[in-house]
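Okay, structure first, notes after.
The values are calculated or read from the model by the stated rules, or taken from the named source; none is laboratory data. All values derive from a computational prediction rather than experimental measurement. Ideal geometry is used to build each Cβ from the backbone, glycine not excepted, and the neighbour counts take in all protein chains shown.
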Amino acid sequence: MRKVFTVLIITAATMVAAAQSIEISEPVRFLALGDSYTIGQSVEENQRWPVQLIDVLKEEYGIQDAEVDIIARTGWTTGNLKAGIAQQLDTEKEYNLASLLIGVNNQYQGLDFNIYAPEFRELLDIAISAVGGDTGKVFIVSIPDYAFTPSFRNDARVSSEIDAYNAVNESIAREYGVLYFNTTPISRNGLENPDLVADDQLHPSGLQYKQWVGMMLPFFTCAP
């Protein structure tokens, strides 16, 4: 028998919607799209946030069959991610959960800001298509602020530009009506709490990713 779970998502951070639910059916097939923050640069595989999310589903809520496919690489821009998906996405696989977190390398590499919104929409369309067109099975994660790491030491320019990119992806989340998780405030604790930063002094640690997952999943309920 297929089990159906509802993820009720309520975060302390600002979201597009204060409370929405994602209904997940077992087996869970999660497609995570992104860059270094999704592949988990400088942390062990089991500390990547998509993997931690799946582990919570398995260990805490009784889901037996759940897995994640990650299409992400350190340094990828929106354009790189599109190319990577074209090469790596298994179009025959039936996903029922998808996430999108991308944009920091557009900012870091100084790409034309105006390409971000159209390319982000294209990527979101791909994510939605991968889950059968159901926007209720897709969520967007904000770009963390790497200014709050020892490598950049509260660089105001970086923070301002990250805010501009996040304003775009949050606006698109509203436009599409998909869930949006604002993890950026958590990342801005990185200087006062060094444990939130990986050993490379730049990327989030497994502990920070655990806080992201905790923000996403206050509780699950099993649908009747």
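Computed values, structure above
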quantity: Of residues in region 43-69 being on the phi < 0 side of the Ramachandran plot, out of contact with any helix residue (DSSP H, G or I) (no Cβ under 6 Å at 6 or more places or on another chain) and outside any helix (DSSP H, G or I), the one surrounded by the most Cβ atoms within 10 Å (Cβ to Cβ); calculated: 48
quantity: Number of positions in region 176-210 that are surrounded by 17 or more Cβ atoms within 10 Å (Cβ to Cβ) and part of a loop (DSSP other than H, G, I, E, B); calculated: 8
quantity: Test: residue in region 114-122 that is within 25 Å of residue 58 (Cα to Cα), at pLDDT 95 or above and either in contact with a helix residue (DSSP H, G or I) (Cβ under 7 Å, 6 or more places away or on another chain) or not aromatic (Phe, Trp, Tyr) (or both); calculated: no
quantity: Filter result (within 25 Å of residue 166 (Cα to Cα) and touching a strand residue (DSSP E or B) at 6+ places or on another chain (Cβ under 9 Å)) within region 74-95; calculated: 76, 81, 84, 85
quantity: Meets criteria (hydrophobic (A, V, I, L, M, F, W, C) and either touching a residue at least 60 places away in the same chain (Cβ under 8 Å) or touching a Ser or Thr at 6+ places or on another chain (Cβ under 6 Å) (or both)) for residue 117; calculated: no
quantity: Sole residue being in contact with a strand residue (DSSP E or B) (Cβ under 7 Å, 6 or more places away or on another chain) and closer than 19 Å to residue 55 by Cβ, chosen from 131, 141; calculated: 141
quantity: Of all residues making up region 9-42, the number that are part of a loop (DSSP other than H, G, I, E, B) and at pLDDT below 95; calculated: 10
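Per-residue answers, yes or no, for (1) within 16 Å of the chain's Cα centre (by Cα); (2) in a strand (DSSP E or B); (3) on the phi > 0 side of the Ramachandran plot:
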| site | (1), (2), (3) |
| --- | --- |
| 71 | yes, yes, no |
| 79 | no, no, no |
| 92 | no, no, no |
| 102 | yes, no, no |
| 110 | no, no, yes |
| 126 | yes, no, no |
| 133 | no, no, yes |
| 136 | yes, no, no |
| 140 | yes, yes, no |
